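The next block holds one structure in the form of structure tokens; read it before the comments.
The values are calculated or read from the model by the stated rules, or taken from the named source; none is laboratory data. The structure presented is a predicted model; accordingly, all values stated were derived computationally and were not measured. Cβ sites come from the backbone with ideal geometry, for glycine too, and all protein chains shown count toward neighbours.
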Amino acid sequence: MEVKYIRVLATGGTIAGTAGSAMRRDYVPGQIGIEQLLSEVAGLGISAELVGEQFASIGSEDITPAIWARLHHACKCALADDNCLGIIITHGTDTAEETAFLFDQTLPTSKPIILVGAMRAADAVGSDGLRNFANAVQVANDPASGGRGVLLVMSDNIFAARDVRKARTEGMEAFRGFPRGPVGHVTPNSLEWFGPPWREGEGARFAFHETMPKVSILFAYAGMSADDVALALAGGTAGLVLAGFGHGTAPQPVRAALATAAAQGVPVVRSTRVDEGLVDREPDDDTMGFIAARALGPPKARILLQLLLANGITDPVRAQEAFDRR
Ligand code: DAS
């Protein structure tokens, strides 16, 4: 009988970072290789079979579509192997929510796929990496983790890709879920789900494309003018995401310029710059041709619009349906 295993794909980040001294404030991400991480994990007495592969050794601010493409292919191969129980991706925390959401939309939900990172470097006092990793193994080992889309495990919490966002730059409780909080609680020796799977048996929602159309995010600020819209369009953007005020608003001239862009076939999504913000449809969206981002923040709204465009979906009604889906 072949051994069942968990695939561990390492990309770097603080979970693999070192400072060289506990007294140093700065550190270099992506210094510890996957073999070293797995041998430290072996010392914890975890019984799972872990098979690692080093994909990149970067801070996640340097993640690229090419790395995403290789990682996505590796996930597909692992999912297709009957002996693979699940996948853990070690990742920097800065763009973890974007990788999680992109893969959430483009991979089937059959087996657990978990992103995990750390807020403290591996050699920092009170480093959280090993505990977060042990927690991720606990989640990947549980068949009940399937049917929930891609998950992110940090600070004993399990978040769904659609909800999770990095909300703090310091401290281990750096992630929050919105509009849902954590969907489960995990420790190296316990696991509790707060509800049943919500995407059981679901295939990939969109085909993955390494090269996706350019979509720009316009960050609203007091005194913003329509020049920002013109600049983005001149730069060849195929879609626009407004990181607007409050409920996704912007100064009147900006809204007018966005409506003109939408009428000319450049889809416009209204999201908000407010961290925990819901942007629902309003009557003007029908007349101005806008799409409401709902609970997706600007970075994830951008990825969803890219996926829609890459998959040939430009009709605002169909696009809105994708933003409405949980
Ligand atoms: N170095 C940053 C990154 O890789 C931060 C981190 O991992 O926490 O995203």
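A few comments on the model shown:
- Within the stretch 174-188, the presence of at least one residue that is within 13 Å of the ligand (Cβ to nearest atom) and either over 27 Å from residue 54 (Cβ atoms) or among the aliphatic types (A, V, I, L, M) (or both) is confirmed.
- Tally of residues being of a type in the set (S, T, N, Q), within 18 Å of residue 125 (Cβ to Cβ) and surrounded by fewer than 17 Cβ atoms within 10 Å (Cβ to Cβ) across the stretch 3-52: 1
- In the stretch 82-111, the residues that are part of a helix (DSSP H, G or I) reach residues that are among the polar types (S, T, N, Q) and within 16 Å of the ligand (Cβ to nearest atom) with C-beta atoms within less than 7 angstrom, at least six apart or across chains, in these pairs: 96/60.
- Out of 307, 218, sole residue that is within 14 Å of residue 323 (Cα to Cα) and surrounded by 17 or more Cβ atoms within 10 Å (Cβ to Cβ): 307
- Residue among 176, 148, 162, 168 that is at pLDDT 95 or above, more than 11 Å from the chain's Cα centre (by Cα) and buried (at least 24 other Cβ atoms within 10 Å of the Cβ): 148
- Top-ranked residue in the stretch 1-50 [being more than 16 Å from the ligand (Cβ to nearest atom) and of a type in the set (Ser, Thr, Tyr); ranked as modelled with the highest pLDDT]: 5
- Checking each residue in the stretch 266-281 for being assigned to a loop (DSSP other than H, G, I, E, B) and either touching a helix residue (DSSP H, G or I) at 6+ places or on another chain (Cβ under 6 Å) or not aliphatic (A, V, I, L, M) (or both) picks out 267, 273, 275, 276, 277, 280, 281.
- Tally, over the stretch 282-304, of residues that are in a loop (DSSP other than H, G, I, E, B), buried (at least 16 other Cβ atoms within 10 Å of the Cβ) and over 18 Å from the mean Cα position of the chain (by Cα): 1
- Qualifying residue in the stretch 72-84 (condition: within 16 Å of the ligand (Cβ to nearest atom) and touching an Asp or Glu at 6+ places or on another chain (Cβ under 8 Å)): no
- The stretch 51-69, subset part of a strand (DSSP E or B) and within 16 Å of the ligand (Cβ to nearest atom), residue modelled with the lowest pLDDT: 55
- Filter result for residue 309 (closer than 23 Å to residue 63 by Cβ, in contact with a Gly (Cβ under 7 Å, 6 or more places away or on another chain) and not charged (D, E, K, R)): yes
- Residue ID - nearest to residue 24 (Cα to Cα), chosen from residues in the stretch 126-166 that are of a type in the set (S, T, N, Q) and part of a loop (DSSP other than H, G, I, E, B): 127
- For the stretch 102-129, the candidate set comprises residues that are within 15 Å of the ligand (Cβ to nearest atom) and within 29 Å of residue 322 (Cβ to Cβ); within that set, the residue that is surrounded by the fewest Cβ atoms within 10 Å (Cβ to Cβ) is 116.
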